[in-house]
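Take a look at the structure set out below.
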Amino acid sequence: DPDELTSAWHAAWASMLSFTLGALLPLLTILLVVADQRVGGTMGAVALALALTGWASAKLGYGPTRPAVR
């Protein structure tokens, strides 16, 4: 059914927004965390950013969120 298909434009905008916002968390972690904890903090921030990016992309693209976060 063509009405149930996800719009390519919605998916593109969702990806652009999600990746931009998802990159901010690791970047801020690198800039704000002290040098001794930077690697571990960045790894945690990247994992969190990936989960948030997947969730936001699925949500904005009207897709299922659970598989996008895994």
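The values are calculated or read from the model by the stated rules, or taken from the named source; none is laboratory data. What you see is a predicted model; the values in this text were computed from it and never measured. Ligands, DNA and RNA are stripped out before the accessible areas are found, and what is left, the full protein with its side chains, is counted by its heavy atoms. Shrake-Rupley method; radii C 1.70, N 1.55, O 1.52, S 1.80 Å.
Summary of computed values
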{"item": "Value of relative contact order over the chain, rounded to a whole percent, pairs C-alpha under 8 Å and six or more apart", "result": "37"}
{"item": "Accessible surface of the chain, 1.4 Å probe, proportion on carbon and sulfur as whole %", "result": "70"}
{"item": "Computed over the chain, Kirkwood Rh from alpha-carbon pairs, angstrom", "result": "13.0"}
{"item": "Rounded accessible area per residue of the chain, 1.4 Å, Å²", "result": "77"}
{"item": "Estimated vicinal HN-Hα couplings, Hz - the stretch 38-55 in sequence order (Karplus 6.51, -1.76, 1.60; Gly, Pro = x)", "result": "5, 5, x, x, 5, 4, x, 5, 5, 4, 5, 5, 5, 5, 5, 5, x, 5"}
{"item": "Calculated from backbone phi, Karplus (6.51, -1.76, 1.60) coupling profile of the stretch 65-70 in Hz, x at Gly/Pro", "result": "7, 4, x, 6, 8, 5"}
